[in-house]
Each structure stands twice: as C-alpha cells, then as structure tokens.
Amino acid sequence: MKLLLLAALVGSVLAEGPIRRYYHESVGIPLAAAIKRREEAGDFDGSKIAGGSAAALGDHPHFGGLLISLSWGGTSVCGSTLLSNTRAITAAHCWTDGQQTAREVTIVLGSLLLFSGGTRITSSSVVVHENRNNDIAIINLSWVTYTNFIQPASLPTGLADENFVGQLAWAVGFGLTSEGGGISGNQFLSHVQLPVISNGACAAVYGPAVVPSTVLCVSGEDGRNVCPGDSGGPLWLWSGNQRVLIGVSSFGAAAGCERGLPSGFTRITSFVSWIQDRL
C-alpha cells in the first residue's frame with residue numbers, strides 16, 4: 001500500500017514526507033470506484049493481495065471490508081477487524097489521512113463483495129488514538145450477530161513479550177493485486193501468509209524513526225505483500241484454536257508492493273490496554 005512516500009537514491013530506499021498522508025486521494029477513492037464498477041459489471045468477486053490466493057468465505061470471519069464516506073461525499077476503501085459484537089479496529093489514517101476526514105464508515109462482514117452482500121453496519125463513531133503517529137482507531141458499532149462467517153479476532157493478551165519474528169501471519173484485504181495494477185474481472189478477496197521480520201531489518205529500509213517499537217513489519221520477498229487498498233486490515237496468526245490479531249496494516253513502500261520491500265503494521269501488543277479500555 002502506498003502510504004509512505006519513498007525515494008530511491010543511489011540504490012537506497014529513503015523515507016520522506018509525512019507517513020500515511022493523502023491516502024484517500026491517492027489510493028482509497030480511485031480503488032473504491034474501480035471495485036464498484038467491476039461489481040456492477042457482474043464479473044468481480046473482490047480483489048487480492050500481491051502474490052496471494054483467493055480467500056473463501058469464512059477463512060477470515062473477523063475481516064471487514066471498510067467503505068469510507070468522506071466529509072465531502074466521496075467514497076474510499078480500507079479494511080478492518082471485528083473485535084467484539086460492538087467494536088472493530090482499523091488504521092487511523094482510514095478515518096483521517098491528514099488531508100481528508102471521513103464522516104462515516106460502513107463495515108462489510110461475511111462477504112466477498114464490498115458494495116453488496118454480507119452484513120453491513122454504518123457508523124460515525126470512530127475513536128482515533130490521541131497520538132497521530134500511532135496508526136490505530138476503534139470503530140463503535142451497533143450490535144453484530146455472530147455467524148459461521150462472522151466471528152471476532154482475539155487480542156494477544158498473553159503475548160505481550162512476543163515479537164513474532166520468523167512466524168508466518170495471515171494478511172487479507174480488498175487491495176490491488178500488484179503495484180500500479182488495476183481491478184480485473186478475475187480477481188478475488190485474497191489472503192497471503194507473510195513472515196514477520198525484526199524491526200532492525202525493517203528500519204534498515206525505512207529508517208528507525210519510521211519503525212519504532214510500536215510497529216511490526218513483514219517481509220515483502222518473492223512479490224508477496226499487502227498492496228494499495230489493504231490499509232487497516234488484519235495481520236493475524238493462530239494461537240491454539242484462536243485467531244489472534246497481531247497487526248493492523250499501516251504502511252508500505254511507495255516504490256511498489258512487489259519490489260521485495262517490507263510493509264509495516266501497527267503492533268497490537270503495544271496497544272492492548274488502549275484497545276481494552278474502549279471495548
């Protein structure tokens with residue numbers, strides 16, 4: 001996802017500019033329009049992460065597509081994760097990206113389509129973390145009834161000291177399938193398993209200021225990664241028989257999602273208390 005402005009200088013990738021600014025204009029609005037056109041054409045079943053595979057309904061019952069109604073009337077797109085019958089979590093920049101702010105969001109649960117089907121709940125009650133650099137926000141929802149295809153993710157409450165490095169975690173979203181790509185008729189809501197890497201390895205690409213301890217990074221090797229439009233979506237893994245949320249999709253390289261560069265997620269273990277206080 002193109003949420004971090006980067007420049008390539010002498011073979012290096014350097015971070016510059018405000019993180020996650022102007023997401024809606026550059027990514028979310030055009031992507032939402034493209035997805036809607038495909039769905040209305042009747043040949044669209046979602047869209048997929050780069051290097052991933054099609055996700056079946058129920059593979060990620062905690063995932064919610066997020067349709068964002070901006071204050072001026074435009075529509076943007078992100079992802080989210082259901083945490084309880086009345087709460088979901090997303091990236092703060094999905095609500096406000098430094099240039100545009102939403103007036104309401106519609107979470108789409110239990111569906112492979114964004115603009116039709118599933119359980120759809122609209123909310124204008126979103127709590128953004130008080131520190132803007134912490135890219136996390138809670139969505140307050142009216143009551144969501146659980147089904148086989150709609151279930152909450154668990155918080156990593158017993159994993160506070162775990163950094164998850166080397167573990168494979170699932171990412172899922174309605175984002176693009178490739179850097180600079182478009183929405184095609186054979187695309188699906190997709191998922192991919194990505195290896196978690198150390199913050200040191202991630203900071204070697206983006207710099208330590210961009211990768212504090214509250215960020216978790218995954219490798220983008222072999223063209224497998226999150227892409228534009230996957231913002232706010234979950235990074236999760238199994239712990240016992242529970243789907244445990246460990247990250248919220250936050251930023252990637254503007255150089256592209258297939259260049260082998262890491263992507264960053266808000267590290268959930270850093271915000272468990274903040275989240276629990278708002279459940």
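Under the condition of being closer than 28 Å to A55 by Cβ and loosely packed, with under 13 Cβ neighbours inside 10 Å, the residues counted in segment 189-214 number 0. Out of the residues in segment 87-101 that are farther than 20 Å from V226 by Cα and in contact (Cβ under 8 Å) with a residue 60 or more places away in the chain, state the one that is most open to solvent (accessible area, probe 1.4 Å). If we take residues in segment 87-101 being farther than 20 Å from V226 by Cα and in contact (Cβ under 8 Å) with a residue 60 or more places away in the chain, then Q99 is most open to solvent (accessible area, probe 1.4 Å).
Yes/no per residue for (1) without any contact (Cβ under 8 Å) to a residue 24 or more places away in the chain; (2) open to solvent by 40 Å² or more (accessible area, probe 1.4 Å); (3) of a type in the set (F, W, Y); (4) part of a loop (DSSP other than H, G, I, E, B):
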| site | (1), (2), (3), (4) |
| --- | --- |
| I68 | no, no, no, no |
| G79 | no, no, no, no |
| V127 | no, yes, no, no |
| V144 | no, no, no, yes |
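Count of segment 146-174 residues, restricted to those that are more than 13 Å from V248 (Cβ to Cβ), at pLDDT 95 or above and open to solvent by less than 10 Å² (accessible area, probe 1.4 Å), is 2.
For the structure I just gave you, tell me whether I136 is open to solvent by less than 10 Å² (accessible area, probe 1.4 Å), more than 13 Å from the chain's Cα centre (by Cα) and among the β-branched types (V, I, T).
Against the criterion (open to solvent by less than 10 Å² (accessible area, probe 1.4 Å), more than 13 Å from the chain's Cα centre (by Cα) and among the β-branched types (V, I, T)), I136 does not qualify.
The values are calculated or read from the model by the stated rules, or taken from the named source; none is laboratory data. Everything numeric here is computed off the predicted structure, so don't read it as measured data. Because the Cβ atoms are built from the backbone with ideal geometry, glycine has one as well, and the counts that use them run over all protein chains shown. Quick note on the areas: whole protein, heavy atoms, side chains included, nothing else; ligands and nucleic acids left out. Shrake-Rupley method; radii C 1.70, N 1.55, O 1.52, S 1.80 Å.
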